[in-house]
Amino acid sequence: MSPAWPEGFLWGVSTSAYQIEGATAADGRGPSIWDEWAKVPGRMRDGETGDPASGHYLRWREDVALLRELGARAYRFSIAWPRVLPLGRGPVNAAGLEFYDRLTDALCEAGIVPIACLYHWDLPQALQKEGGWPARDIAGRFADYAAISAARLADRIPFWATFNEPGLFTMFGHLTGGHPPGLKRTDAYLAAMHHVNLAHGGATRAILAVRSDARVGCVHNVQPVRPGSDAPADAEAAGMLGELWNRALPDAQLLGHYPDRIAALMEPWIRGGDLAAIRAPAAWIGVNHYSPVYAKHDPSLPFACAFTDAPRDGTPATPINWRIEPGAFRDTLTDVHARYRLPVVVTENGYGAEEDGTTLEDAGRIAFHEAYIGAMREARAQGADIRGYLAWTLLDNLEWSGGRRVRFGLVRVEPDTQERRKKASFAWFARLFRAAPEG
Ligand code: IFM
């Protein structure tokens, strides 16, 4: 497979802080909105919390050794804002920054390119108390946090992502209510999107002020939204949901405007100069893609649209019922490249399953990645400028409110001991990565 891939292609894996670190109260870390959320019974499957997750905060050396053994060329991790700034602002927690400093050093020593994401959903709870993303002031707090992180790490971290999946966490946290802070308010949702966009622009400029050669981007969830039926109302719902889910964030960040259907709705939050402030120089775009999704018309809901089940048409699906459609991945990659004209890095793509550990053979996961990497190759052949593929994910982890039963890892993590056991997919990826040309 290697000849199809250029030198320097970023082959590797992604993780996120809250999903793997555990140690939520260690060394001065402050609480995040997910810690607060997990306190309420019934919200997290099996009563899980951020502890122990995958125990990475204690076992990070072992995990870097795994990355080295995997032959990963790149590794995307997220920095936990509440570890660096326990109150979201104000005094820096030295121990928190040191953790990421040591991790970065170890990655560099192993010859692995670090890619840091500043926000994978773990907002400091103290900032939530001040209003969270719907409060405009948060954009400045985020830029300050970005500057602090970059000042310490950007000498060794070449790639930075401001946010992971802003289209998702703004919607689930403020409109549909399934993520913290659990709001179901249209105004909060629209405001959150705009302030995340402002935060993206401010943070990008803050990182570039520290290090002008930093390559800054943002990681977006991009999934084609299809109508759930032939009804025209479902087609309209899919159009609306597609703009909210896939476009509202990257269009503002990269094209300088909100998509047509929602532009007027955003006006109450836009002040003079905002759109220019949001559109900061971007070096790349991250795409997280797993499957297409479906929409239906529902006049009782804001925007009259909702996610709905995929039709039962015999299309294969993963064990957690996510449709397996490599062609949709290929088209997503070509569309994103054509729309934004930026180098694309696939920052997440993976296969979730409940696995009881009786076997480490995960043939379904291998077949999934093989098919999706084949689709990525087709997208490249069609001209899409794709610079990397980071599988989701290195370790079995905390799948948010889904708990730890659904596993995406190439490495199994035993729930009671956090012992690591490599799955067959680990060896498959190791062969792939080692066959790729050096960069
Ligand atoms: O685990 C998540 C990740 O945090 C964001 N993207 C999708 C993954 C699988 O659900």
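Taking the conditions exactly as written (within 14 Å of the ligand (Cβ to nearest atom), under 28 Å from LYS184 (Cα atoms) and either surrounded by fewer than 16 Cβ atoms within 10 Å (Cβ to Cβ) or at pLDDT 95 or above (or both)), does GLU354 satisfy them or not?
Taking the combined requirement at face value, the residue does not satisfy it.
Any residue at all in the stretch 14-30 that is in contact with a Leu (Cβ under 9 Å, 6 or more places away or on another chain), under 25 Å from ILE207 (Cα atoms), aliphatic (A, V, I, L, M) and buried (at least 23 other Cβ atoms within 10 Å of the Cβ)?
no
Among the residues in the stretch 201-210, are any under 26 Å from THR334 (Cβ atoms), crowded, with 20+ Cβ neighbours inside 10 Å and in contact (Cβ under 8 Å) with a residue 40 or more places away in the chain?
yes
Would you confirm whether or not the stretch 49-58 contains a residue that is buried (at least 22 other Cβ atoms within 10 Å of the Cβ), within 18 Å of GLY402 (Cα to Cα), aliphatic (A, V, I, L, M) and at pLDDT 95 or above?
There is at least one residue in the stretch 49-58 that is buried (at least 22 other Cβ atoms within 10 Å of the Cβ), within 18 Å of GLY402 (Cα to Cα), aliphatic (A, V, I, L, M) and at pLDDT 95 or above.
Residue by residue through the stretch 266-295, note down the ones that are over 22 Å from the mean Cα position of the chain (by Cα) and surrounded by fewer than 18 Cβ atoms within 10 Å (Cβ to Cβ).
GLU267, PRO268, ILE270, ARG271, GLY272, GLY273, ALA276, ALA277
Output the residues belonging to the stretch 123-155 that are part of a helix (DSSP H, G or I) and within 13 Å of PRO180 (Cα to Cα).
Residues satisfying the conditions are GLN125, LEU127, GLN128, LYS129.
Which residue pairs have Cβ atoms under 9 Å apart, sit 6 or more places apart or on different chains, and have a first residue in the stretch 62-85 that is touching a residue at least 40 places away in the same chain (Cβ under 8 Å) and a second that is in a helix (DSSP H, G or I) and among the acidic types (Asp, Glu)?
Pairs that qualify, where the first residue is touching a residue at least 40 places away in the same chain (Cβ under 8 Å) and the partner is in a helix (DSSP H, G or I) and among the acidic types (Asp, Glu), are VAL64/GLU109; PRO82/ASP35; ARG83/ASP27; LEU85/ASP144.
Could you list, in sequence order, the residues of the stretch 170-213 that are hydroxyl-bearing (Ser, Thr, Tyr), touching a strand residue (DSSP E or B) at 6+ places or on another chain (Cβ under 9 Å) and in a helix (DSSP H, G or I)?
Of everything in the stretch 170-213, just one residue is hydroxyl-bearing (Ser, Thr, Tyr), touching a strand residue (DSSP E or B) at 6+ places or on another chain (Cβ under 9 Å) and in a helix (DSSP H, G or I), namely THR204.
So which of LEU87, LEU97 is surrounded by fewer than 24 Cβ atoms within 10 Å (Cβ to Cβ) and farther than 22 Å from GLU36 by Cα?
Step by step, each of LEU87, LEU97 is checked, and only LEU97 is surrounded by fewer than 24 Cβ atoms within 10 Å (Cβ to Cβ) and farther than 22 Å from GLU36 by Cα.
If I filter the stretch 284-311 down to residues being in a loop (DSSP other than H, G, I, E, B) and out of contact with any helix residue (DSSP H, G or I) (no Cβ under 9 Å at 6 or more places or on another chain), which single residue comes out as farthest from the ligand (Cβ to nearest atom)?
It comes out as SER300.
Give THR186, THR176, THR170 a once-over and let me know the one that is hydroxyl-bearing (Ser, Thr, Tyr), under 21 Å from the mean Cα position of the chain (by Cα) and surrounded by fewer than 17 Cβ atoms within 10 Å (Cβ to Cβ).
Criteria check complete, one pass: THR176.
Name the pairs whose Cβ atoms lie under 8 Å apart, with the first residue in the stretch 388-416 and farther than 13 Å from GLY357 by Cα and within 10 Å of the ligand (Cβ to nearest atom), the second in a helix (DSSP H, G or I) and aromatic (Phe, Trp, Tyr), and 6 or more positions between them or separate chains?
Filtered contacts from the stretch 388-416: LEU398/TYR18; TRP400/TRP34.
For the stretch 340-366, which positions are over 20 Å from the mean Cα position of the chain (by Cα), in a helix (DSSP H, G or I) and within 22 Å of ARG387 (Cα to Cα)?
Correct list: ILE366 only.
The values are calculated or read from the model by the stated rules, or taken from the named source; none is laboratory data. None of the values given here were measured: they were computed from a predicted structure. As a convention, Cβ positions derive from the backbone with ideal geometry for all residues, glycine included, and neighbour counts pool all protein chains shown.
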